[in-house]
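Q: Mind having a look at this structure? Questions to follow.
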Amino acid sequence: VVPVGVDSRIPGTEAIALLVEKNPNALAGTYDVSGIEPRINMRIKMGQSSDVVAVVRANGKYYMARKEIKVTLGGCGG
């Protein structure tokens, strides 16, 4: 289980989604952040090292950021 967080500084952020490329179900979570501070924190299960992708919807456009998370037997590093 890996703690992850997304903090969007894009004005007009409406939604945030997190995806884990190598998980059987890539979608880890979606959040409607309209009208609140666009920041989320969650824990996701990862069986192996993978890219974690954050997708932000703001003003009808989509933005993406990607980070590789390395999962090891005793924990994770990135």
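The values are calculated or read from the model by the stated rules, or taken from the named source; none is laboratory data. Fair warning: this is a prediction, and the values are worked out from it, not measured in the lab. Virtual Cβ from ideal backbone geometry, glycine too; neighbours counted across all protein chains shown. The protein model used for the area step is the full one, side chains on, heavy atoms only, and it has no ligands, DNA or RNA in it. Shrake-Rupley method; radii C 1.70, N 1.55, O 1.52, S 1.80 Å.
Q: For residues that are of a type outside the set (Ser, Thr, Tyr), open to solvent by 40 Å² or more (accessible area, probe 1.4 Å) and closer than 17 Å to TYR62 by Cβ, tally how many sit in the range 29-50. Spell out how you get there, then give the answer.
A: Just the residues of the range 29-50 that are of a type outside the set (Ser, Thr, Tyr), to begin with: 29, 32-33, 35-48.
If we keep only those that are open to solvent by 40 Å² or more (accessible area, probe 1.4 Å) too, we end up with 32, 35-37, 39, 41, 43, 45, 47-48.
Narrowing further to those that are closer than 17 Å to TYR62 by Cβ: 32.
Qualifying residue count for the region: 1.
Q: Among the residues of the range 5-19, what is the count of those that are over 15 Å from the mean Cα position of the chain (by Cα) and buried (at least 18 other Cβ atoms within 10 Å of the Cβ)?
A: Total satisfying the criteria: 0.
Q: Additional query: Here's a check for you: in the range 51-64, which residue that is surrounded by 11 or more Cβ atoms within 10 Å (Cβ to Cβ) and either more than 14 Å from LEU18 (Cβ to Cβ) or not aromatic (Phe, Trp, Tyr) (or both) is farthest from the chain's Cα centre (by Cα)? Quick ask: steps written out before the conclusion?
A: Taking the range 51-64 first, the residues surrounded by 11 or more Cβ atoms within 10 Å (Cβ to Cβ) are 51-58, 63.
Still in the list and also either more than 14 Å from LEU18 (Cβ to Cβ) or not aromatic (Phe, Trp, Tyr) (or both): 51-58.
Working: ASP51: 10, VAL52: 6, VAL53: 5, ALA54: 4, VAL55: 7, VAL56: 9, ARG57: 13, ALA58: 15 Å.
Going through the qualifying residues, I end up with ALA58.
Q: Just one of (1) part of a loop (DSSP other than H, G, I, E, B); (2) open to solvent by 60 Å² or more (accessible area, probe 1.4 Å) trips up LYS67, so point out which.
A: (1)
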